[in-house]
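Asks: One structure, as structure tokens, below. Some questions next.
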Amino acid sequence: MNKFFLLIALFCFITSCNIFKQNTSKKFIDNIKKDQKIDWFFGSGKIEFINNQTSLKLKANIKIRKDSLIWCSLSIPLGLEVYRVQVTQDSIYILDKINHQKTIKSIDNLGEFVGIDISFIDICNVLIGKKNNKEKANVQFFYSEYSEYKGYILPQKIEIKSNISLTLLYNNIIINKPQKTPFSIPKSYVKTK
């Protein structure tokens, strides 16, 4: 069960410039040509995970500080936070707030777990909708439902489709406003393998 939730938390972060095939549009390509400078990103919305056996919907709040930090809080629809995730340039930290567990992985180990190469920059790029050109045949990556925020054109919907389906739908996006990213690991949390 822990691996299932690791995959959900991982969706908030994984992807890459070097593994996914995606749809493009003129608006998306124009967006990339602008080379938008995003130092801070905040997006809130919903994430849905579907595989052959399970369907799960969670609320997501995602905060990114360029070149240093990705922070995510995942909650059930009633507002109870179930996971808090922090990604740095070399590590990912996952707090399971229901079971009082912590998972700490190197980004390299995480790549081995999911079978793809992952870098911090790759993760940031997917979350803000930056184009990548390489592909992996059994995974498709889609951006859609673009919106404009103070001159920035960003996708509100991000989908990964393979043997599982993951969808992130932003309903609120804020650009270049510094965000608080509280993250501390309680001493009582048990480390998972």
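Asks: Being over 27 Å from Lys177 (Cα atoms) and part of a strand (DSSP E or B) is the filter here, so list the residues in the range 49-61 that pass it.
Replies: Phe49, Ile50, Ser55, Leu56, Lys57
Asks: I would also like to ask the following. Check off (1) open to solvent by 30 Å² or more (accessible area, probe 1.4 Å); (2) under 20 Å from Val85 (Cβ atoms); (3) not polar (S, T, N, Q) for Glu148 and give me the number that stays unchecked.
Replies: The single condition Glu148 does not satisfy is (2).
Asks: Among Ser73, Ser55, which is modelled with pLDDT of 95 or more, of a type outside the set (A, V, I, L, M, F, W, C) and touching a strand residue (DSSP E or B) at 6+ places or on another chain (Cβ under 9 Å)?
Replies: Result: Ser73 is the single residue among Ser73, Ser55 that is modelled with pLDDT of 95 or more, of a type outside the set (A, V, I, L, M, F, W, C) and touching a strand residue (DSSP E or B) at 6+ places or on another chain (Cβ under 9 Å).
Asks: Sort out which residues of the range 53-66 are loosely packed, with under 13 Cβ neighbours inside 10 Å and either touching a residue at least 40 places away in the same chain (Cβ under 8 Å) or in contact with a helix residue (DSSP H, G or I) (Cβ under 8 Å, 6 or more places away or on another chain) (or both), and write them in order of number.
Replies: Within the range 53-66, just Thr54 meets the criteria.
Asks: Return the only residue of Ile64, Ile92, Ile104 being assigned to a strand (DSSP E or B), more than 20 Å from Ile160 (Cβ to Cβ) and modelled with pLDDT of 90 or more.
Replies: Ile104
Asks: Could you pull out the residue among Lys134, Lys187 that is open to solvent by 40 Å² or more (accessible area, probe 1.4 Å) and either under 20 Å from Cys72 (Cα atoms) or at pLDDT below 90 (or both)?
Replies: Lys134
Let's see how each residue does on (1) crowded, with 17+ Cβ neighbours inside 10 Å; (2) under 21 Å from Lys46 (Cβ atoms):
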residue: Trp71; (1), (2): yes, yes
residue: Ser75; (1), (2): no, yes
residue: Gly79; (1), (2): no, yes
residue: Ser91; (1), (2): no, no
residue: Ile94; (1), (2): yes, yes
residue: Asn99; (1), (2): no, no
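Asks: For residues that are of a type in the set (A, V, I, L, M) and in a strand (DSSP E or B), tally how many sit in the range 70-89.
Replies: 5
The values are calculated or read from the model by the stated rules, or taken from the named source; none is laboratory data. Keep in mind the model is a prediction, meaning the values are calculated, not measured. All Cβ positions, glycine included, derive from the backbone under ideal geometry; neighbour counts span all protein chains shown. Keep in mind that these areas ignore ligands, DNA and RNA; they rest on the heavy atoms of the full protein, side chains included. Shrake-Rupley method; radii C 1.70, N 1.55, O 1.52, S 1.80 Å.
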